[in-house]
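Structure, as structure tokens:
The values are calculated or read from the model by the stated rules, or taken from the named source; none is laboratory data. From a predicted model like this one, the values you see are computed outputs, not experimental measurements. Cβ placement follows ideal geometry from the backbone for every residue including glycine, while neighbour counts extend to all protein chains displayed. What goes into the accessible areas is simple: the full protein's heavy atoms, side chains included, and nothing from ligands, DNA or RNA. Shrake-Rupley method; radii C 1.70, N 1.55, O 1.52, S 1.80 Å.
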Amino acid sequence: MWKQALLAGDQRHPLTPGVKYTYGTAGFRTKANILDGAMYRVGIVATLRSLLLGKTIGVMVTASHNPVQDNGVKIVDPDGEMLATEWEAYAVAIANAPNIVEAVEELARRVGLDVPTLRHGASTFCGRVVVGKDTRPSSEALTEAVKEAVVALGAEVIDCGLQTTPQLHFVVRTTNNPRPDLEATERQYYVCVSEGYKRLVHGLHATEPRSLILDCADGVGGQKAKLLAEYLGGYLHLDIKNDGTSADADLNEGVGAEFVQKEKKIPRQISLDNGHKNKRCASVDGDADRVVYFYLGEQGELCLQDGDKITTLIAVVLKKLIDEAGINGQLRIGAVQTAYANGASTAYIRDVLGLEVACEPTGVKHLHHRAAEFDIGIYFEANGHGTVLIAPSALSRLEVTLNQVRADPTAAPEKKQALERLLAFFQVSNQAVGDALADMLLVEGALAILDWSVQKWDQIYSDLPSRMLKVVVPDRTVIHTTHDETQVTKPAGLQAAIEGIVTNYKLGRSFVRPSGTEDVVRVYAEADTQAAADELAETVSSLVSNVLSKSHTI
């Protein structure tokens, strides 16, 4: 029965001829007008995943920080994390299969589903998929394509409508991990993070209510930030800009975290002329899963606090709270970065704060999994995508310690307060995925606890000047690196040559890695001055070009 229904839907949502779809960290992402057939097939993959695991799976229709004419989709696993790596290959196979029925049968056999019924063993679970979408004009029709496939396979589909990506992850996670005090709803998301924030800053005496200028990239974050503001009440005033409702609204164009962090430019509606000098500002991206901070200096220049600065701020406040709670040394705390993290940030966390710093390959999935190995793991990419994780065992220890302190009449009030703030911190922090709105509240809470201005935060260290270049090469696969991508293992001799060049530069650092999507090698360099960093990057780029040209000739 499922074959006939599936095939009928597939004929209504044909693949675009000549297009090959690839699934990565960003899911499927391309021009919206060639996605309809792939979206139908994503609904198939999500349903099969649900049937296999006996859990609810999520599908988020969004292209994040891409232009409005693009769209995409991400599949969300039961714990609210990104799709398991091995299933990315299955998604690609289904999305590109010339015969969809044969492809589904093959996948069912591979993963252990009964082909005639698509059930797993004796399970009677029919599958459940939760879908959400961003504000792009193309998202409505593409979401319908996903839903049609789910229904064709006899599964239940729940349409959550407009959502930020992290909100859909929250709904999926809470659906699969039910608690009497936690509903799997958008409303519960606001309650959870707002009440956590209020507890985090409770008792702090500010001279005036905290206020933040928030650029929402003309995306779904604008609507959702307004709703969050209602739950925050007087604890934090959000002056929301670029919410998608103005006449000049243009998703991610001249606005949003990607624009601010990559272009180092100020988003629309924020300027000296509007009285924003030295005011604390933040930008989220189109689906609100990343955030960066900034302020306008005396001359209107952009002063950026990117993901590295957020990592450092969070490390500072957590170390302070843990020290005040009297549990220093009882929890293993670590920051996880990529090789692209500015060396000044790494040095501050490691040498000044005395915390562990781990380096992982580029890609948020790598950072998330490594952060989960710590009792408390902090990770943010420079683009502002990240979160702070706490191991369930560590959370239980904090709760037990707080109960003991509350029962001890001789315990210092500061100790109890620090433990309460720590628990509130992890009520706000999204344990599944980077979350711009939750991360914004963590930053606001950290600044309030430390009694820091955005300028003081910005000055805790100065970024080393850096430069990143791309070298077009005949074959990028010639380059092999260590796991953390900081050193080249092949071709032989290239790493030694890079190190020889680096020794000529004060505070010099450089690494190269092959691109994951195009035939280029990316070169990153740092040094004590911008001129030196530029020169180092150019010199290493020339070396790479020469070595790989010879390798290709051979």
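Here are a few things to note about the model shown:
- Qualifying residue in the range 155-178 (condition: modelled with pLDDT under 95 and either out of contact with any helix residue (DSSP H, G or I) (no Cβ under 9 Å at 6 or more places or on another chain) or open to solvent by less than 50 Å² (accessible area, probe 1.4 Å) (or both)): yes
- Residues satisfying the stated conditions in the range 255-264, i.e. assigned to a loop (DSSP other than H, G, I, E, B) and at pLDDT 95 or above: 255
- Qualifying positions in the range 501-544 - open to solvent by 10 Å² or more (accessible area, probe 1.4 Å), part of a helix (DSSP H, G or I) and either under 24 Å from residue 363 (Cα atoms) or among the aliphatic types (A, V, I, L, M) (or both): 501, 502, 531, 532, 541, 543
- Odd one out for residue 299, checked against (1) open to solvent by 10 Å² or more (accessible area, probe 1.4 Å); (2) farther than 24 Å from residue 448 by Cα; (3) modelled with pLDDT of 95 or more: (3)
- The single condition from (1) under 26 Å from residue 300 (Cα atoms); (2) at pLDDT 90 or above; (3) loosely packed, with under 13 Cβ neighbours inside 10 Å; (4) not basic (Lys, Arg) that residue 202 fails is (1).
- Residue 349 vs. criteria within 26 Å of residue 527 (Cα to Cα) and open to solvent by less than 10 Å² (accessible area, probe 1.4 Å): yes
- Selection status of residue 122, surrounded by fewer than 24 Cβ atoms within 10 Å (Cβ to Cβ), part of a helix (DSSP H, G or I), out of contact with any strand residue (DSSP E or B) (no Cβ under 6 Å at 6 or more places or on another chain) and among the small types (Gly, Ala, Ser): no
- Contacts under 8 angstrom Cβ, first residue in the range 479-500 being in a loop (DSSP other than H, G, I, E, B), partner open to solvent by 50 Å² or more (accessible area, probe 1.4 Å) and among the basic types (Lys, Arg), 6 or more apart: 479/490
- Restricting the search to helices (runs of 4 or more DSSP H) fully inside the range 1-100 and requiring at least 3 residues that are of a type in the set (S, T, N, Q) and buried (at least 24 other Cβ atoms within 10 Å of the Cβ) gives an empty result.
- Selected residue [in contact with a Ser or Thr (Cβ under 6 Å, 6 or more places away or on another chain), closer than 21 Å to residue 140 by Cα and not basic (Lys, Arg)] from 26, 46, 32, 38: 32
- Residue match in the range 433-455 (condition: open to solvent by 50 Å² or more (accessible area, probe 1.4 Å) and either farther than 28 Å from residue 358 by Cβ or of a type outside the set (Phe, Trp, Tyr) (or both)): yes
- Residues in the range 318-347 that are part of a helix (DSSP H, G or I) and over 16 Å from residue 386 (Cβ atoms): 319, 320, 321, 322, 323, 324, 325, 343, 344, 347.
- Among the residues of the range 214-246, those identified as open to solvent by less than 50 Å² (accessible area, probe 1.4 Å) and part of a helix (DSSP H, G or I) are 220, 221, 222, 224, 225, 228, 229, 232, 233.
- On inspection, residue 402 passes the criterion of being without any contact (Cβ under 8 Å) to a residue 24 or more places away in the chain and farther than 19 Å from residue 334 by Cβ.
- Considered as a group, the residues in the range 125-134 that are of a type outside the set (Phe, Trp, Tyr) and assigned to a loop (DSSP other than H, G, I, E, B) include one that is surrounded by the fewest Cβ atoms within 10 Å (Cβ to Cβ), and that residue is 126.
- Considering residues of the range 360-418 that are β-branched (Val, Ile, Thr) and under 24 Å from residue 200 (Cβ atoms) only, the residue nearest to the chain's Cα centre (by Cα): 387
- Scanning the range 384-397 for residues that are out of contact with any Gly (no Cβ under 6 Å at 6 or more places or on another chain) and in contact (Cβ under 8 Å) with a residue 40 or more places away in the chain returns 388, 390, 394, 397.
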